[in-house]
Amino acid sequence: MSGSREAAAGEAQRASAEALYRTIRLIRRFEERCVDLVRSGEIGSGIHPCVGQEGVAAGVCAALRPDDALLSNHRGHGHFLARGSDPGRFLAELTGRVGGIDKGRAGSFHPSDLSAGIWGASGTVGHGAAIATGLGWALARDGDRVAVSVFGDGAVTQGALLESFNLAALWRVPVVFVCENNGYATTLPAPAAIAGSVVGRAAAFGIPGSTVDGQDPAVVYGAMAAAVDRARGGEGRRWSSSPPTGTRVTTPSSGGCGWRTGTTPRWPGGASATPSRSRPPGCPRLCARRSTPRSRRCSTRRCASRWRAPAPTRPTRSTTSTPRRYASARESPMPKLSYAKALNRALTDEMERDPDVFVLGEDIKFALNNVTTGLLDRFPDRVLETPLSEQGFTNFATGAAMAGKRPVVEYQIPFLLLLVLEQIANQANKFRLMSGGQVKVPVTYLLPGTGWRPGWGAQHSDQPYGVFAHLGVKTVIPATPADAYGLFLSAIRDDDPVVVFCPMPALGLREDVSYVDLAPIPLGVGRVRRSGADVTVLAVGHLVHDAVAVADELAGEVSVEVFDPRSLHPFDWSGLAASVERTGRLVVFDDGNRFCGVGAEVLATAAEEMRLVAPPKRVTRPDGAVVVGCAPELDLAVQPSRAQLVAAIQAVVKS
């Protein structure tokens, strides 16, 4: 009896080994074919082959369940194939074809295949770890799925990666970090790039780790299976470092260099990095005897039928979502609603309506701007107080959103948006497009207190809304409490990232309003705040109130119409055009910088597309780096003023 059990166990072990080596063989042949296609020009973009690292992909992915989530990296072709992604559709993706797994929009660098459990690949080294951490946190709330982040050794010098380790350790997120340590960060040898050990970085955060031979897929599988079991069992995060050895010179994957048409990657020492055509390292003869199953075979003819499909004819916008609709929350009267209270009410109402909404940020438990007041008591498990790790928790929110949650990230100071510009504009705002619509990223970034902050100095008084509008991130800037409620609500319900700028001078505003009048306000719909016939003043944010005051002041001599765009992207061009059609003149009143600002874009579009009877003008902050002084007089000197607006209106009307 024991002999039969041992025989059965041996056969099972052999079958498992054969499965691993079949995967390795598939990856190697696929990558060799890709290199050939790059050389011939049929793959027009660069690629990062994983030749020499096939054992890591095979072992890591074999230890995962089909419903587990993996975030890949630059050298991730093997991860897709090992998780079951169709080779033909994947090759179609690498050639930019509509038959690809992401409809030709991701290519080699940013692919996703949710059907295979691959949730994307970050083009910024190390930043996928924070996304995986947020993804793992969200998945753990709905079951026992595990998230995995794979990155190279060069990523361990990135601060965002270390922030991810800290968040994962603090919140005991079921995430496994896998470092494919090939000894090079691009062309820089690891000893010249990394101080200390790779695994030692994880140990500093209390994350247990192991170092295994990436050339032995069975060993990789064993280490990965133990890490995944530990994470799935509720013991939190795990680190696994898998350095392939003996491949640093003979394969391009070992050195971080990419393949491009007409190039031959070389090492700093001059050796060619041409991939070997021999059997994959460590692959026994059973790999040569046993063919890859027909359903997984990388047939050139089969793949070609996919990648020769027509390429996309035009770029496709990623922001094509429709906000979800809800019934009105309450109908009780509410006298004198303040701007800050409106934000608080909107967030409270939405957290009551939708259990997927949660809020995170620094000092939110103390409700410094009164936006999160009372939320901790009502939703204790959906209010996350974060450490000072803006890049980490911003990408964390992206991962949670990809898993179906609706995070609201609050930042206390506007310049922090410049710190996380990469995470918002390059990660969250592009995943929907790069995945071919497979994932949505419904994240709301809230800034209660942007722009002029008396006495706070240069680094605390920014108004960077023009940067995000320019980069195609949905951007809103409410001017009134009712608009703050309605636009914030719509931002949370939107399936794309939305930045909500709330000007500091507006936070204390109050207006008479009742709940029956509060409702979501569609993004991209402006509003005429005051009707007029002689000139249109487009005012942004809190400057709307100054524009209305100036219009009242000039009522005896000029009829001024005040237009509030409310959203800067998408922008209500038709609404502005209708106003300009009535008045024939335009002045823009903008709290952003003059050069390449919102005002510049509005004037350029108006001049090109609208009927003007006089040259338009703008009133903005000055050009260049605006250094706001701590003295109130210096502070006010760089702010757009009512006096400047009066002069601009009079000049336009007289011209």
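Taking the condition at pLDDT 90 or above, out of contact with any helix residue (DSSP H, G or I) (no Cβ under 6 Å at 6 or more places or on another chain) and within 19 Å of Q427 (Cα to Cα), does L114 pass?
In short, yes.
Which of the residues belonging to the range 220-234 are surrounded by fewer than 16 Cβ atoms within 10 Å (Cβ to Cβ) and of a type outside the set (G, A, S)?
Within the range 220-234, D229 is the sole residue that qualifies.
Go through S197, S164, S149, S210 for me and flag whichever is under 20 Å from the mean Cα position of the chain (by Cα), under 26 Å from G52 (Cβ atoms) and assigned by TED's automatic domain parsing to the domain that holds A82.
When all the criteria are applied, what remains is S149.
Just checking, how many residues over the range 110-126 are part of a loop (DSSP other than H, G, I, E, B), under 18 Å from P66 (Cα atoms) and in contact with a His (Cβ under 7 Å, 6 or more places away or on another chain)?
0
Quick one: which helices (runs of 4 or more DSSP H) sit completely within the range 379-482 and have at least 2 residues that are in contact (Cβ under 8 Å) with a residue 60 or more places away in the chain and touching a Ser or Thr at 6+ places or on another chain (Cβ under 6 Å)?
Helices (runs of 4 or more DSSP H) meeting the threshold: 390-402, 429-434, 465-470.
Modelled with pLDDT under 50 and closer than 29 Å to K440 by Cβ: is that true of S318 in this structure?
yes
Scan the range 341-368 for residues that are of a type outside the set (D, E, K, R) and either without any contact (Cβ under 8 Å) to a residue 40 or more places away in the chain or outside the structural domain of R406 (by TED's automatic domain parsing) (or both) and report the count.
Count: 6.
Could you figure out which of (1) at pLDDT below 90; (2) surrounded by 24 or more Cβ atoms within 10 Å (Cβ to Cβ); (3) basic (K, R) isn't true of R453?
Of the numbered conditions (1) at pLDDT below 90; (2) surrounded by 24 or more Cβ atoms within 10 Å (Cβ to Cβ); (3) basic (K, R), the odd one out for R453 is (2).
Which one is nearest to the chain's Cα centre (by Cα) among residues in the range 87-141 that are within 21 Å of L162 (Cα to Cα) and among the hydroxyl-bearing types (S, T, Y)?
Here the answer is S122.
How many residues does the range 163-209 contain that are in contact with a strand residue (DSSP E or B) (Cβ under 6 Å, 6 or more places away or on another chain) and modelled with pLDDT under 85?
3
So, in the range 322-355, how many residues would count as being among the acidic types (D, E), at pLDDT 95 or above and surrounded by fewer than 19 Cβ atoms within 10 Å (Cβ to Cβ)?
2
Report yes if G508 is outside the structural domain of G128 (by TED's automatic domain parsing), closer than 27 Å to A403 by Cβ and in contact (Cβ under 8 Å) with a residue 40 or more places away in the chain, otherwise no.
In short, no.
Can you name every residue in the range 498-525 that is surrounded by fewer than 23 Cβ atoms within 10 Å (Cβ to Cβ), assigned to a strand (DSSP E or B) and either of a type outside the set (S, T, Y) or in contact with a His (Cβ under 9 Å, 6 or more places away or on another chain) (or both)?
Correct list: R510, E511, D512, V513.
If we keep just the residues of the range 43-52 that are of a type outside the set (G, A, S) and surrounded by fewer than 24 Cβ atoms within 10 Å (Cβ to Cβ), which is farthest from Y221 (Cα to Cα)?
I47
The values are calculated or read from the model by the stated rules, or taken from the named source; none is laboratory data. Since the model is a prediction, treat every value here as computed from it, not as a measurement. Counting neighbours? That spans all protein chains shown, and the Cβs are built from the backbone with ideal geometry, glycine included.
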